[in-house]
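The block underneath contains the structure these notes are about, expressed in structure tokens.
The values are calculated or read from the model by the stated rules, or taken from the named source; none is laboratory data. Note that the structure is predicted; figures quoted are calculated from it, not measured. Please note: Cβ atoms are built from the backbone with ideal geometry, for glycine as well, and neighbour counts cover all protein chains shown. Heavy atoms of the whole protein, side chains included, go into the accessibility calculation; ligands, DNA and RNA do not. Shrake-Rupley method; radii C 1.70, N 1.55, O 1.52, S 1.80 Å.
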Amino acid sequence: MKFDTPATTNPIDQLKVIGQPTNRIDGPLKTTGRAPYAYERHDVAPNAAYGYVLGAGIAKGRIASMDLRAAKAAPGVVAIVTARDAGKLGQGDFNTAKLLGGPEIQHYHQALALVVANTFEQARAAASLIRIEYAKAPGRFDLSAQKEAAPAPKATDFSGPPDTKVGDFMGAYSSAPVQFDATYTTPDQSHAMMEPHASVAVWKGDQLTVWTSNQMIAWGVGDVAKTLGIPKSKVRLISPFIGGGFGGKLFVRADALLAALGARAAKRPVKVALQRPLMANNTTHRPATIQRIRIGATRDGKITAMAHEGWSGDLPGGQAETAVNQTRLLYAGPNRLTATRLAELDLPEGNAMRAPGEASGMMALEIAMDEVAEELGLDPVEFRVRNDTQVDPEKPARPFSQRQLVECLRTGAERFGWSRRAPRPAQVRDGRWLVGLGMAAAFRNNLVTKSGARVRLNQQGVITVETDMTDIGTGSYTVIAQTAAEMMGVPLNKVAVRLGDSDHPVSSGSGGQWGANSSTSGVYAACVKLREAVAKKLGMTLSDVVFSEGLVRDGQRAVPLADAAGPQGLVAEDSIEFGDLDKQYQQSTFGAHFVEVGVDAATGEIRVRRMLAVCAAGRILNPKSARSQVIGAMTMGVGSALMEALAVDKRHGFFVNHDLAGYEVPVHADIPHQDVIFLDETDPISSPMKAKGVGELGLCGIAAAVANAVYNATGVRVRHYPITLDKLLHRLPMMA
């Protein structure tokens, strides 16, 4: 199905199932321990051996020698895999560094060996016996030191051009009555998902099956095949349940490759999970940024000039963190400039993490907007409202398909009690606590991508949906089931959903906030074909047919849907393919975050007291799971604001706090009650579902809202995340 004209009225608009706050259909499996995750697949891989990954002990250089003799002689060892004996390996399209290093070492904890043994403990013990001598080479581990020499990265479909210019920024900025110029930094961050990267691999002849934890099945099949040098038809990836990904499992990592190599060497199934201390340095992370923002404005609060420049780093051949991209679209202003620069670093690979680009960029931009508002003597909400736009500021002929930013701001301000905020900072106390309110806009682009599905109807009237779409805890199973139920006129208990298998039609996968909208649109397309097949089988005119309550109605005639199946059942398959509506219209999601914090006047301890997000993100397919997505993102934003940072050892080139003891994330005690409001919105230009994504919108801007609240409470402006005690203590107002 080609989607190249705006959606009109369709069966989804009935909203009998879609749009309802439906419980997760996979919930009972997860809460009773019956949802099988990758490392637990004892049922499909009996007698599996255990692999233990040995990571590089240096960040850059070569292996001078590797002594495996003691490890091979250790009890229970079945095989040891290194680059020397793995055969010729390629490199996947989505991997910046080789997944199995040697003799060259590209980053710290790059996998150098896999020890396969009968038990995990035997594999771990044997790995400790491997002796490696290194020839170290100097590396580049400090973004600030490489900043000035950083070149512009190549343009990609995702990033767009590295530089954009509209009007005369320098002229407008130099003549602006109000000028603002500040630099902000965000640190490297870890995905820190609950389930580690894990895989079980089995060979049957030349056919490889990998049960893994992966967000993008088709990408994974391609990269496994390319790395091993075998046809894609010889690779099957299965990933029905994923214990969190946040972008860290978009791409095949060392666990999958090494499980496959280990299974081939051991001639039996092999299971590999990356040990927690390996994950921060062996896999990907959100790269640190340096961001300079300049804003020129009139005295009445109209932006006349805006520039946003961003620097990040990655391994050679890597990609930039697109922290400036939201600034191209969020606020009006006739004279504009953005620039992205990418330094080459020898730290572990930087790549996508929840809301790549916007999450980091909004952390800086939304503090800058508050700072300019204060200089103008304007309320931060009002300043943003005055600079709203209904068209793409860089391409004024292109309108937004929907843009309710002002409604989000005004609704949030009223609901949160924003009018009670003290304009001057450090004015409100509650006992020993300094109390402040902060806010920020939220913005994330609405991305869509081709997605396919297969639907089956059997004689019991059960609809089975098959697609390689994944569920990373986001609720994919449920919204896909809701879509099929709505389209075919059956209750949810008459729908079965099978996900995460490369034998199923290729879907959008989970990432970039495109998953729910794109994958359900693919299911919609397949169901349209199934509806056609049912009508034809029953001799009915499709335009007159109504699917409802398990019946197919045509005028006075009503036939059970199951009757159309026949002994063989009915099967339909299709994909949604998006045309060029995204070129005619700018498609984005919007929101507003409001936060109240308390800061201990003596210790600088920060406590978040209240949080509110207002979101405008198209039709909300399932308000219950969408709310969960937003409050999870808000929680993640609190971590970004107050605690999360990978500490870089700039001498040896690695992240020091590479486990959950040293890398702090929010826990229940850190998070207060969170409110979420979804504005009533449908966007027929987005998809036949008239929906958009929401899973990443909730993260964009929330850290800045926390930072702005801390400033309002204390009068201390922190421009370098995270906002830790050492950045507050010496600048707190005197206690009475």
Inset, instruction - Just give me the residues in the range 417-440 being open to solvent by less than 50 Å² (accessible area, probe 1.4 Å) and on the phi < 0 side of the Ramachandran plot, in sequence order. - result: W418, R421, A422, P425, W433, L434, V435, G436, L437, G438, M439, A440
Inset, instruction - Within the range 84-103, track down each residue that is of a type outside the set (K, R) and more than 25 Å from Q319 (Cβ to Cβ). - result: D85, A86, G87, P103
Inset, instruction - Please indicate, with yes or no, whether at least one residue in the range 300-311 is in contact (Cβ under 8 Å) with a residue 12 or more places away in the chain, within 24 Å of the chain's Cα centre (by Cα) and open to solvent by less than 10 Å² (accessible area, probe 1.4 Å). - result: yes
Inset, instruction - For the range 627-652, name all the residues that are of a type in the set (S, T, Y) and over 19 Å from Y711 (Cα atoms). - result: S628, T635
Inset, instruction - Kindly indicate the residue of the range 577-593 that is out of contact with any Gly (no Cβ under 9 Å at 6 or more places or on another chain) and among the hydrophobic types (A, V, I, L, M, F, W, C) and also surrounded by the most Cβ atoms within 10 Å (Cβ to Cβ) among those meeting that condition. - result: F590
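In this structure, does G92 turn out to be crowded, with 19+ Cβ neighbours inside 10 Å and under 26 Å from R276 (Cβ atoms)?
Judged against the criteria, G92 is a match.
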Legend entry - From the options L409, L347, residue that is buried (at least 24 other Cβ atoms within 10 Å of the Cβ), in contact (Cβ under 8 Å) with a residue 24 or more places away in the chain, within 27 Å of A633 (Cβ to Cβ) and over 23 Å from the mean Cα position of the chain (by Cα): L409
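Residues are listed down the side, and each one gets a yes or a no for (1) touching a Lys or Arg at 6+ places or on another chain (Cβ under 8 Å); (2) closer than 13 Å to S521 by Cβ; (3) surrounded by fewer than 24 Cβ atoms within 10 Å (Cβ to Cβ); (4) of a type outside the set (D, E):
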position: F443; (1), (2), (3), (4): no, no, no, yes
position: G461; (1), (2), (3), (4): yes, no, yes, yes
position: T467; (1), (2), (3), (4): yes, yes, no, yes
position: V479; (1), (2), (3), (4): no, yes, no, yes
position: T483; (1), (2), (3), (4): no, yes, no, yes
Legend entry - Spans of strands (runs of 3 or more DSSP E) in the range 67-162 with at least 2 residues of a type in the set (V, I, T): 77-82, 111-117
Legend entry - Lone qualifier among T327, T389, T338 - being hydroxyl-bearing (S, T, Y) and open to solvent by 10 Å² or more (accessible area, probe 1.4 Å): T389
Legend entry - Selection status of K690, basic (K, R) and either under 30 Å from V479 (Cα atoms) or buried (at least 21 other Cβ atoms within 10 Å of the Cβ) (or both): yes
Legend entry - Long-range neighbours under 9 Å by Cβ, at least six apart or interchain, first residue in a helix (DSSP H, G or I) within the range 364-380, second β-branched (V, I, T) and open to solvent by 20 Å² or more (accessible area, probe 1.4 Å): A364/T183; A364/T185; L376/T298
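Among the residues in the range 619-627, are any of a type in the set (G, A, S) and within 30 Å of N10 (Cα to Cα)?
Yes: the range 619-627 contains one or more residues that are of a type in the set (G, A, S) and within 30 Å of N10 (Cα to Cα).
Out of curiosity, is V608 in a strand (DSSP E or B) and open to solvent by 10 Å² or more (accessible area, probe 1.4 Å)?
yes
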Legend entry - Complete set of residues in the range 133-168 that are farther than 25 Å from N335 by Cα, exposed (fewer than 14 other Cβ atoms within 10 Å of the Cβ) and not hydrophobic (A, V, I, L, M, F, W, C): E133, P138, S144
Inset, instruction - Quick one: count up the residues across the range 1-58 that are in contact with a strand residue (DSSP E or B) (Cβ under 6 Å, 6 or more places away or on another chain), part of a loop (DSSP other than H, G, I, E, B) and more than 20 Å from V465 (Cα to Cα). - result: 5
Inset, instruction - Test S360 against the stated conditions and say whether it is closer than 18 Å to H593 by Cα, buried (at least 22 other Cβ atoms within 10 Å of the Cβ) and hydroxyl-bearing (S, T, Y). - result: yes
Legend entry - Considering residues of the range 101-132 that are more than 27 Å from Q91 (Cα to Cα) and over 33 Å from the mean Cα position of the chain (by Cα) only, the residue least open to solvent (accessible area, probe 1.4 Å): A126
Legend entry - Filter pass, V706 being within 23 Å of D430 (Cβ to Cβ), at pLDDT 95 or above, buried (at least 19 other Cβ atoms within 10 Å of the Cβ) and of a type in the set (A, V, I, L, M, F, W, C): yes
Inset, instruction - Would you check which residues across the range 534-550 are in a helix (DSSP H, G or I) and either without any contact (Cβ under 8 Å) to a residue 24 or more places away in the chain or exposed (fewer than 14 other Cβ atoms within 10 Å of the Cβ) (or both) and list them? - result: A535, K536, L542, S543, D544
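So that you can scan it fast, the table gives a plain yes or no per residue for (1) aliphatic (A, V, I, L, M); (2) closer than 21 Å to R627 by Cα; (3) assigned to a strand (DSSP E or B); (4) more than 25 Å from the chain's Cα centre (by Cα):
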site	(1), (2), (3), (4)
R454	no, no, yes, yes
T478	no, yes, no, no
T483	no, yes, no, no
V497	yes, no, yes, no
P505	no, no, no, no
G522	no, no, no, no
C527	no, no, no, yes
E532	no, no, no, yes
V552	yes, no, yes, yes
Inset, instruction - Output the number of the condition that P75 fails; it satisfies all remaining conditions of (1) of a type outside the set (S, T, Y); (2) more than 30 Å from D314 (Cβ to Cβ); (3) open to solvent by 10 Å² or more (accessible area, probe 1.4 Å); (4) in contact with a Lys or Arg (Cβ under 8 Å, 6 or more places away or on another chain). - result: (4)
Inset, instruction - For I12, state whether it is farther than 25 Å from F654 by Cα, of a type in the set (V, I, T) and open to solvent by 60 Å² or more (accessible area, probe 1.4 Å). - result: no
Legend entry - Those residues of the range 38-72 which are surrounded by fewer than 19 Cβ atoms within 10 Å (Cβ to Cβ) and either touching a Gly at 6+ places or on another chain (Cβ under 6 Å) or free of Cβ contacts under 8 Å to residues at least 60 places away in the same chain (or both), in sequence order: E40, H42, D43, R69, K72
Legend entry - Any hit, the range 22-35, residues being over 26 Å from the mean Cα position of the chain (by Cα) and open to solvent by less than 30 Å² (accessible area, probe 1.4 Å): no
Legend entry - Options D680, D670; residue that is open to solvent by 10 Å² or more (accessible area, probe 1.4 Å), among the acidic types (D, E) and without any contact (Cβ under 8 Å) to a residue 60 or more places away in the chain: D680
Legend entry - E414 at pLDDT 95 or above, open to solvent by 30 Å² or more (accessible area, probe 1.4 Å) and under 30 Å from A7 (Cβ atoms): no
